[in-house]
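Just so it is clear, none of the values below were taken in a lab; they were calculated from the coordinates. Note that this is a predicted model, so its numbers are computed, not measured. Cβ coordinates were reconstructed from backbone atoms using ideal geometry, including for glycine residues, and neighbour counts include every protein chain displayed.
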Amino acid sequence: MTATATASGRGTRTVTLTIDGESVSVPEGSTILEACRGVGIDTPTFCYLETLTPVNACRVCVVELEGSRVLVPACARKAEPGMVVRTDSERVRQSRKMVLELLASSVDLSYAPDDVQGYLTRYDVEPERFGSPAAPDAGGERDRAATGRHHAAPDGRAATVAQPVKVDNELYVRDYARCILCYKCVEACGVDAQNTFAIAVAGRGFEARISTEFATPLPDSACVYCGNCIAVCPTGALMFKSEHDMRRAGTWDEPRQTVTDTICPYCGVGCTLQLHVQDNRIVKVTSPLDHDVTLGNLCIKGRFGWQFVQNRADNGPDGRVAQQ
Ligand code: SF4
Ligand code: SF4
Ligand code: FES
């Protein structure tokens, strides 16, 4: 029997391939990932997002393709007629485990979504086998690291990207100890959305890091504070300052938050805003990824210009507008 996987925005012709022994038909132009998802196969991804161009940076989505010497990234490889794909072979599991172990041993994944924690369990990830973590960067060392000069951590410890959080403005923070170098923020800041190019990957190898030009603080950089990079960051490395401060204070409580859709009041484009509200205060603003106008992107006004709602002089201590 042939299962049919759907993918929006594709042509009407279909291609049929075999995934884990099952015949699957997808619209021509679909990726292997879309074919897998269409038939309910949960494939981990880090650098992939529907709204961004695939960059094949993380390799956690790899699958085995009959006739191919190497594993192929499911997120970028187009489905072709007659392909025979295996998503859960020993080779695939081993490769995903290694990628996850290298990340989990060097990056703080504690704010990553639940499905990432699930993958760590599914692939039996043992980051501790790389040794205990080396001492964190005191601040700025990774920004100054010379290209291509990797020095192994001392005493057989695991090298990490641990470093202090960069807090240099009132809108968002950069906590690169949580950065998995998925490139999503770079893409969102570049040609995929914002075309501002305020951030890029600097350095090579283990010293590769996301950086502004010459590691200049954000207020001195080309950043226009659209926050579209925060919207795509999968690990909490880029975060609203409001969320960062509340997490530090121990008051961030996502299960208690409500999310309300509204329309940005600032201009005629009318972007959809999702207000995340806790204790009657807006704590951050997002926009739905599947909105066909904005694709999750906003400008500085929609993303950050909401303090006026709760900072009026006549607001009571709970943030409510006092009755006249
Ligand atoms: S806030 Fe916008 S302009 Fe600034 S780094 Fe992020 S994506 Fe680029
Ligand atoms: S800051 Fe976030 S979005 Fe950017 S590369 Fe790191 S993990 Fe990815
Ligand atoms: S999700 Fe496919 S390479 Fe990163």
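Summary table
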| quantity | calculated |
| --- | --- |
| Size of charge dipole - the chain - debye, nearest 20, with Cβ of Lys, Arg +1 and Asp, Glu -1, no other charges | 440 debye |
| Evaluated at q = 0.10, 0.12, 0.15 Å⁻¹: base-10 log I(q)/I(0), Debye formula over Cα of the range 13-111 | -0.27, -0.38, -0.58 |
| Amide N proximity, the range 279-305 versus Arg248 label position 7 Å along Cα-to-Cβ, cut-off under 20 Å | 282-285, 304 |
| Which of Asp108, Asp290 has the fewest Cβ neighbours within 10 Å, and the rest in rising order | Asp290, Asp108 |
| Amide H contacts under 5 Å for Leu273, placed H, 5+ residues apart | Thr262, Ile263, Cys264 |
| The range 161-310, dipole about Cα centre (Lys/Arg Cβ +1, Asp/Glu Cβ -1), debye to the nearest 20 | 260 debye |
| Exposure proxy order (Cβ contacts within 10 Å, fewest to most) of Ile180, Ile300, Ile263 | Ile263, Ile300, Ile180 |
| Within-15-Å neighbourhood charge of Ala158 [Cβ basis; K, R +1; D, E -1] | -4 |
| Interchain or long-range residues, amide H under 5 Å from Val62's placed H | Ala74 |
| Within the chain, helix-based [θ] at 222 nm, where runs of 4 or more DSSP H residues each add -39,500 (n - 2.57), nearest 500 | -5000 deg cm²/dmol |
| Around Leu52: net Lys/Arg minus Asp/Glu count, Cβ-Cβ under 15 Å | -4 |
| Per-residue HN-Hα couplings for the range 96-109 [Karplus 6.51, -1.76, 1.60; θ = phi - 60°; Hz; x = Gly/Pro] | 5, 4, 5, 4, 5, 5, 4, 5, 5, 7, 10, 10, 7, 9 |
| Karplus-derived HN-Hα couplings along the range 67-81 (A = 6.51, B = -1.76, C = 1.60, θ = phi - 60°), whole Hz, x at Gly and Pro | x, 9, 5, 10, 5, 10, x, 5, 6, 10, 7, 6, 5, 10, x |
| In sequence order, calculated HN-Hα J values of the range 205-218 (Karplus, 6.51, -1.76, 1.60; Hz; x Gly/Pro) | x, 5, 7, 4, 7, 7, 8, 7, 4, 6, 6, 5, x, 3 |
| Linear extension gain, Gln257 paired with Ser68, 0.36 nm per residue minus alpha-carbon span | 63.3 nm |
| If the convex hull is drawn through the Cα atoms of the range 211-323, its volume per residue in Å³ | 146 Å³ |
| Rg and Dmax of the chain, Cα atoms only, in Å | 21.8, 74 |
| Straight-distance crosslink candidates among lysines, where the alpha carbon sits under 18 Å from Lys301 and sequence neighbours closer than 8 are dropped | Lys241, Lys284 |
| Unit charges at the beta carbon, dipole of the chain: most positive-side option, Leu275, Cys58, Gly40 | Cys58 |
